[in-house]
Amino acid sequence: MTDQPLHPFSPPASLIAFLPNSISIGTLVQWALYIVFAFWAIYTLVAIYHWLKYSHASWVAFPAIAAHLFISFALMAYALSGTINV
């Protein structure tokens, strides 16, 4: 089927019937991602606090935390980059 154009995925018609007309699927996905990333941020802050408090001054903690934050931010930015409506 390489000669056929690609068609985007569309959710089932029964799901669309229950949504208000003013809310699009893209908006729902965007807000779901925001909720997931807010939960991730709270979880990460708690994990960093406990790691620094109970790691007994481990020298590995700071580079690992920095790498985790950088990689996670890059993944979040990539995930949300397709949801911005300009």
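The values are calculated or read from the model by the stated rules, or taken from the named source; none is laboratory data. Quick caveat, the model's predicted, so the values are computed rather than measured. Cβ atoms come from the backbone with ideal geometry, glycine included; neighbour counts cover every protein chain shown.
Is it true that some residue in the stretch 30-40 is hydroxyl-bearing (S, T, Y) and modelled with pLDDT of 90 or more? Scanning the stretch 30-40, I find no residue that is hydroxyl-bearing (S, T, Y) and modelled with pLDDT of 90 or more, so the answer is no. For the list (1) in a loop (DSSP other than H, G, I, E, B); (2) modelled with pLDDT under 70, I need the number of the one condition that P5 fails. All conditions pass for P5, except number (2).
Of all residues in the stretch 35-73 being under 25 Å from P8 (Cβ atoms) and free of Cβ contacts under 8 Å to residues at least 24 places away in the same chain, which is surrounded by the most Cβ atoms within 10 Å (Cβ to Cβ)? Full working, then the answer.
Applying the first criterion (under 25 Å from P8 (Cβ atoms)) to the stretch 35-73 yields 35-37.
After this cut, where a residue has to be free of Cβ contacts under 8 Å to residues at least 24 places away in the same chain as well, the list is 35-36.
Values: I35: 10, V36: 12.
Result: V36.
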